[in-house]
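Participant: One structure is given below, represented as structure tokens, and several questions about it will come after.
The values are calculated or read from the model by the stated rules, or taken from the named source; none is laboratory data. Because the structure is predicted, anything quoted here is derived from the model rather than measured. Cβ: placed from backbone, ideal geometry, glycine included. Neighbour counts: every protein chain shown.
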Amino acid sequence: MTVVAEGKTTNEAIENGLKQLKVPRDSVDIKVLESDDKRSFFSILAPRVVKVELTLKENVVKKEEKMPKKEIIILPENQQKAKENVEKFLEDFIKHLPEGTKYEVEVDESGLKVKINNEKLGYLIGHRGETLYALQMLLTSIAAKGIEQKIRVFLDIEGYKQKREKTLEELAEKVAKTVIKTRKSVTLEPMQPYERKIIHSKLQNHPKVETVSIGEEPHRKVVISLKRK
């Protein structure tokens with residue numbers, strides 16, 4: 001994983017790069033790409049810019065989406081209570097949605113799967129699914145009401161997540177080809193954790209590229225780069 005950072009001084013450029021990678025200085029190899037040591041007379045009035053290249057050392061792992069998460073097993077009585085909580089909310093909620101809107105709630109020991117269907121619900125999905133994920137968080141809170149156990153809710157509206165997953169997998173393959181061709185890393189736009197996981201999973205066994213997440217929520221991004229030999 002490699003990033004290029006800029007600053008007014010070498011130290012500032014390095015610090016900016018470390019902030020992007022979220023790692024300490026001893027976790028990277030540093031290469032100065034551009035400094036002002038040899039500035040010409042005609043460029044002396046130009047803003048000073050130093051560029052450095054920071055590469056994560058091979059023993060540094062920062063791929064939290066790939067780390068196995070502890071499986072949550074919901075007790076049978078809690079499954080039923082969570083389902084009742086969500087269905088009670090949805091019964092009233094769909095009254096405010098376009099006519100013909102229907103919902104399904106499936107439950108098992110891993111959590112609740114909620115589907116809301118109506119082709120006129122694009123506004124409930126929002127840009128890149130932002131509204132959908134906000135509603136999913138709300139349903140998660142509602143499902144856990146009166147239950148002393150964490151409840152996971154997976155919401156999909158009009159099959160958006162399935163379509164988005166296919167789009168992201170195609171994007172991952174396309175960007176991987178670009179990285180191989182140009183030999184330059186590509187940083188994707190900020191994504192939801194669920195979406196970043198799709199990118200990581202799609203490329204985790206790729207022979208030539210690797211992925212890593214950088215930044216803080218809600219602006220966390222996936223970077224795709226060439227594997228170090």
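Participant: Please work out if residue 215 is touching a Lys or Arg at 6+ places or on another chain (Cβ under 8 Å), within 30 Å of residue 80 (Cβ to Cβ) and small (Gly, Ala, Ser).
Facilitator: Here the answer is no, as residue 215 does not meet what is asked.
Participant: Is there a residue in segment 193-201 that is farther than 24 Å from residue 56 by Cα and either surrounded by fewer than 19 Cβ atoms within 10 Å (Cβ to Cβ) or in the same structural domain as residue 101 (by TED's automatic domain parsing) (or both)?
Facilitator: yes
Let's see how each residue does on (1) under 16 Å from residue 142 (Cα atoms); (2) surrounded by 12 or more Cβ atoms within 10 Å (Cβ to Cβ); (3) modelled with pLDDT of 95 or more; (4) among the hydrophobic types (A, V, I, L, M, F, W, C):
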residue: 68; (1), (2), (3), (4): no, no, no, no
residue: 72; (1), (2), (3), (4): no, yes, no, yes
residue: 76; (1), (2), (3), (4): no, no, no, no
residue: 85; (1), (2), (3), (4): yes, yes, yes, no
residue: 88; (1), (2), (3), (4): yes, yes, yes, no
residue: 91; (1), (2), (3), (4): yes, no, yes, no
residue: 107; (1), (2), (3), (4): yes, yes, no, yes
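Participant: While we're on this one: Just to check your reading of the model, which residue among 81, 102 is of a type in the set (Lys, Arg) and touching a residue at least 40 places away in the same chain (Cβ under 8 Å)?
Facilitator: Within the list 81, 102, the selection yields 81.
Participant: Could you grab me the full set of residues in segment 193-208 that are within 12 Å of the chain's Cα centre (by Cα) and charged (D, E, K, R)?
Facilitator: Correct list: 195, 196, 197.
Participant: Looking for whichever is of a type in the set (A, V, I, L, M) and part of a helix (DSSP H, G or I) here; the options are 151, 142, 74, 116. Which one fits?
Facilitator: Within the list 151, 142, 74, 116, the selection yields 142.
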